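Take a look at the structure set out below.
The values are calculated or read from the model by the stated rules, or taken from the named source; none is laboratory data. As the structure is a computational prediction, the values presented were derived from the model and not from experiment. Cβ atoms come from the backbone with ideal geometry, glycine included; neighbour counts cover every protein chain shown. Ligands, DNA and RNA are stripped out before the accessible areas are found, and what is left, the full protein with its side chains, is counted by its heavy atoms. Shrake-Rupley method; radii C 1.70, N 1.55, O 1.52, S 1.80 Å.
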Amino acid sequence: MKPFLLLVAVLTTNLLATVVKDSDLAMKVTDIATTRKFLGMDSYSKFYGNLSSVKVAVLDKGFKGIYPAREDGRRFLPKSAEVIDAYAKALEDVRLDEEDPHGTHMAHLIWAMTGYQEEGPKFRLYNANGPENFLLAVEDLLKWKPDVVVFSQNWETFGNFDGTGFIDQAVKEVTDEGIIWLNAAGNDGGHIYNGPVKLVKTEKSDYFVQFDSNSNNTWYLRFKNLVDENQVTITLSWNSFDPGYEATGTDKDLDLSLFVQQSGQASKRLASSKLIQTKEKTGEENETIHARERISVTLPADKENYYLLAVNAKGEGSAALFDPKKDRMRITIRGNKGSFYDEDKKKNVDAIDFVDSTDTGEIPVPADGSGLAIGDLTANSAKGPTVDGRGKPDIIMQKNNVTFSDRQGFFGTSYANAYLGGVVALLRAAEPRTMQEDLLKFRIRYPLQYLAEQVQAQGWTISDVPVIDPVLASYIQEKWGIDYIVMTGPGGRTAVASSESVDKLSAWPKEVMDNLKDYFLYARAKRIATTKRERVPKEVEVIVKAGYYKPTTKRDLQKVLVKAGGNVAVPRTKTVNYGSQFVGIDLYRGTYGLYQPQLTLYYTENKYVEPEYDYKWVDVPGEPEWIPPVKKTETRYVYAQVAGEDRVEKEFRYQKKKDAEAPWDKWGGFPGDYVEIIQLPEFSFIGKGAVVDGSANSPRIWSTPSFEKLQRVVRAREIR
Amino acid sequence: MDTTLRVWSVLLLLIVSGRSFSDDVKRLSSKLENPDEVRKYYDIDSDLLDKADASGVKVAVLSKGFRGAEDQDAKVEDFFRKRYLPQSMKLFSEYDVASFGLEGRNEIGRRVAQTIWSLSGLADDGPEFHLYNANGLVAFREAANALVEWGADVVVCTENFSAFGNFDGTGIVNRLVDLAAIGEMIWIQSAGEFATKVINLPIKVKERKLDQPDPQVKVFADDTEATLTLSWNAYSPGFRRFYGTDKDLDMILYDNKGTEVASSRTRQVEGDAGDGESNFAVEQMTAKLFKDRSPYYIRIRIENGDFDPRSDELRLTVDTDRRPFFDGQKEQSAIELVDGNREKSIPVPADNKWATTVGSTHPFSSEGPTADGRKKPDLVLDGAESRYTDKVAISGPNIAAAQLGALAVLYKANFPRFNRKHWLLALQRSSLTPKGELKPDRKKSAYFGARSRDEIHDLMEE
């Protein structure tokens, strides 16, 4: 197209775009301009005129305010939006929940991200309340052919958690049509147990599952409920779902029971779920074709005693059908009380403490399927991998919360998903040939795997890879069972990198370095710590996030800091060259809904600058607290001590001085005395990919897929 | 031990044991989590608690919501029944005459009763609770009559009205409270949360309007439902029969462009009232407010009657159920009545002469004086927060009233002869201000300290 014509075209599309007046809206998103900018969309209003050709399907359980519509005529969506509440083929009349605004929020966020244009996108809102409606919604949208589907619900059953099952199969039919499917990863982080169905015969010829748990007794799973009147739903599901669309049943039959531990007495059975699994429906009472059991109970709080879950097979015949090498089960616990502020612990704690959760493999159905699973940075965001070993979630969105102009706030992976939905909708307006695969460029990378591949590509053997930080190496080795850690940054500017390692890494292909340049490293680790006095092993969890960013001004830097933590201040320290490269390392523990860094270390040109703000380590009960690092120094170590032990702190300070000379000599000998030493320069390469599971145990590299970056990806693909 | 045996030994542990239901009740229901903390906060003597026998004490709670209490003892699970209050508790949600029902989602009344029970010892046999629906004027009247007939010892009322009284302790609602509190009954009244939500104005007429600029409402959160109430002091101070008034005001709400949003144009009349007419000096309307139409203007029109600005006064109340939000720097109300009064925001019947009105240091807790210049609330407590085991935490004048009600119950439970006169005397001595006065000062709560059992004993002997 000639430049003149192009200009006319752009002007024409702009003229077509109409921003809906505030007085027509029921509410708006308060900080949408900031979010659009953060996601690289603010300069692309020229594509708004194309939104009329973009179709967005939102599947959900309720669209309050849209269905039924408001009496005052104020709207949440363009006039063209349609609601599909009932389906002609529906066997059961499960209608939309008229009190549930979740779907309204999803659609409205997408619209807000695309500039509140009257012309579009075109929304179709589907009733997906229950699996049957979900399937019918999919059937309908396959005819409608939307550009993108946004689904922010999920199930803790109805699939095998490996991307198969009738729900996942339906999603696959959608993605096979080239339709982009965005699915929230769910907020069940820490609330799930996964394990094999390993049945053991009892004296009475019952068959009970022996769990993979840390408990002394592996015949049950333990959890605590800390809030009274918590309406808890416990779902047992196992991988006996037909991988296809037919949803044929199974005769592999498990039952689920809930007990409460009583001090000094026998445990007491509170409830059980004993459905009869069948291959085909016969009309018998209590039968189901689905491989699941569910207990819904209102539980009282009990800080002292555990609630116990036991799983058994229904008779010898059913037990014989299970193979512990192939058959796997999942238990998910959800409560209607989320988290609360604990006055004693001075922090937010989860109402349900599932102590035997596996803390991995938490992706629900259909987030485990062929669509993209979108997670966030909170501890509750479900973690991968899927049962078949795929790393999920696919994409992490840093932005996961919203405040509407009615001043109600919400957060979670649903909202992270809706933001990405907005990005994708505008992208389809700008680049109609955008595909789901383009978004995969922003898939989370699991560096253990990635770096192992790179090391091999270099023709190196593992022993060639230089070890730069033996302390961190031993730490990582202990946790992840791998041998070496390689750490460096381009140009070898970091003090930790030895010249040898820099030489090595400078030989790495430019493509490798470029590929990592814009990414963050996100690692999560647990370690057994021992107090010096008591020698009592305690577990501490630390999440390490290293980032790379190029601020150009002090103001820019401030934005980065605020973005990262929300409560940090720009270091007032003097001789900092803000124009140079900058790396932030945040140690934080995700609290529910809050992104709250406890400690941030900043590196600039060969200098370490300690930010001047109070560190707030949200401690884990009985676990060590963090001590801020020493004042401005080249030694970049963070130490921990056990809460309340002053003596340890003094020793620590003394020791720290010595450590500065040769830290690993000292630390190598007493790995249990203090906890973490985190030492990450700009890039952290962790070598020898012994563990490659994409799980929470594996560090992740992630980046928010902004509009601008995605557009570059799409255009680059088209040029190729 | 082989595997089979080990499994069996574990399963033995899982056998159902036969604990009685009554044991479960205590363990399972949500209750006050911090009773010791609250008692300590008010210096409540442990002797007072240990020697209390609340079994004969009758406590009436008036509120418009008791969610949860209606299905007390309902079986929720095989192992779980709801039990918030003693078994003797009775809930009166409906009366023989038509009245508003209880608000389904509102549970403040139940929480108040729970607080009283927990602080007074959580005994199985007492106190005896009657929970009365007081939602609206008719229900309030029926509740007041019923509790007088029952002979309640202590009444804790969380309900307040923006109308139905002259804000000087007179009017139909106050007369009901007078009748109850004038005997030996201890009536503890929440001060309500009307500070900054009211404007009191003399009724000076100019061209059928108020002779002053229209009051404004600013909106900070979209889609906020506001209730606007206009009331003026045209209520008969008596009680026998209310004949109404012909002093007629109307209220109209305009947005920032002058478009009418809502109005209330009831015609005030004396004697029998027909359609669109009322005996009561009140106009009320609700409207959903939005930021883009803010500020809103409230026009008050004089439709009928002779008003004297020296004696006739109106009160405009603008309220919402929407909670304040944090705007990044401070707590912000969803809507604000511009120039709303903090002083003289005491509602009806918190202005009652015989009731003990309890305020708190909550920012919206109503403040005195009353229209006739009396100090109200009688007591301002910054009140310990009541926390419940289902992780709900409540503070404010309603809970402060409940906590003070619990103290009254404890006194009564120790000394059956304890009555309203003793109560007022005890309160005076509980207020440790230098002059012994009960000052409705927002920072004076620290001066409150409960009297010990011995002190109450001596006080009654006097």
GluC sites (Glu not before Pro) within region A:304-386: DSSP coil, no more than 14 neighbouring Cβ in 10 Å: A:E304, A:E343
When the helices in chain B are scored as -39500 (n - 2.57) per DSSP H run of 4 or longer and the sum is shared across all residues, what 222 nm value do you end up with, to the nearest 500 deg cm²/dmol? -7000 deg cm²/dmol
HN-Hα J in Hz across region A:25-40 - Karplus 6.51, -1.76, 1.60, θ = phi - 60°, x for Gly and Pro: 9, 6, 6, 10, 8, 5, 10, 5, 5, 4, 5, 4, 5, 4, 9, x
Looking at this model, which pairs from A:K281/A:K326; A:K346/B:K376; B:K197/B:K257 are more than 27 angstrom apart at the alpha-carbon? A:K346/B:K376
Chains B and A: how much accessible area gets covered up at their contact, both sides added, probe 1.4 Å, in Å² to the nearest hundred? 3700 Å²
Greater than 27 Å apart at Cα, pairs in A:K337/B:K31; A:K61/B:K218; A:K204/B:K82; B:K82/B:K391; A:K37/B:K391: A:K61/B:K218; A:K204/B:K82; A:K37/B:K391
Rank-order B:286-298, B:351-363 by packing density, defined as the average count of other C-beta atoms within 10 Å over each peptide's residues, highest first. B:351-363, B:286-298
Expected integer from the mean partner chain Cβ neighbour count at 10 Å over B:278-288 is 1
Across region B:298-306, in residue order, what do the Karplus-derived ³J(HN,Hα) couplings come to in whole Hz, using 6.51 cos²θ - 1.76 cosθ + 1.60 with θ = phi - 60° and x for Gly and Pro? 10, 9, 10, 10, 9, 9, 6, x, 9
A:T288 accessible area, nearest 10 Å², 1.4 Å probe? 20 Å²
What net charge is computed for the residues neighbouring B:H362, neighbours being all others with C-beta under 9 Å from the C-beta of B:H362, Lys and Arg scored +1, Asp and Glu -1? -2
Assign one of three labels to region A:347-429, namely rounded, prolate or oblate, based on the Cα gyration tensor with a ≥ b ≥ c the square roots of its eigenvalues; rounded applies when a/c is under 1.5, prolate when it is not and a/b is larger than b/c, and oblate otherwise. oblate
Can you give me the C-alpha center-to-center distance between region A:218-286 and region A:166-202, rounded to a whole angstrom? 18 Å
Positive minus negative residues near A:T235 (Lys, Arg vs Asp, Glu; Cβ under 11 Å): +1
Where nothing but the Cβ of Lys and Arg (+1) and of Asp and Glu (-1) is charged, how large is the charge dipole of chain B around its Cα centre, in debye to the nearest 20? 600 debye
Between B:L381 and residues 5 or more places away or on another chain, the pairs with built amide H atoms under 5 Å apart involve B:G359, B:S360, B:T361
Chain B pair-distance distribution - Cα-Cα, 10 Å bins, rounded %: 4, 19, 28, 24, 14, 6, 2, 1, 1, 0
Heavy atoms only, 1.4 Å probe, whole protein assembly: order B:E385, B:E107 by accessible area, highest first. B:E385, B:E107
Binned at 10 Å from 0, what are the whole-percent values of the Cα-Cα distance distribution for region A:142-228, short to long? 13, 30, 26, 18, 11, 2
Give me a single rounded figure for B:221-227: the average over its residues of other chain Cβ atoms within 10 Å of their Cβ. 5
Take the alpha carbon atoms of region A:192-353, find their radius of gyration, then divide it by 2.2 N^0.38 Å using N residues; give the quotient. 1.11
Would you tell me the mean number of C-beta atoms belonging to other protein chains that fall within 10 Å of each C-beta in A:402-409, as a whole number? 6
Kindly report, to the nearest 10 Å², the accessible surface of A:T30 as traced by a 1.4 Å probe over protein heavy atoms only. 60 Å²
For A:L270, what residues show an amide H to amide H distance below 5 Å, using hydrogens built from the backbone and excluding near sequence neighbours? A:L258, A:F259, A:V260
Got a sec to turn the phi values of region A:313-324 into Karplus ³J(HN,Hα) couplings, 6.51 cos²θ - 1.76 cosθ + 1.60 with θ = phi - 60°, whole Hz, x for Gly and Pro? 8, 7, x, 5, x, 5, 4, 5, 7, 8, 10, x
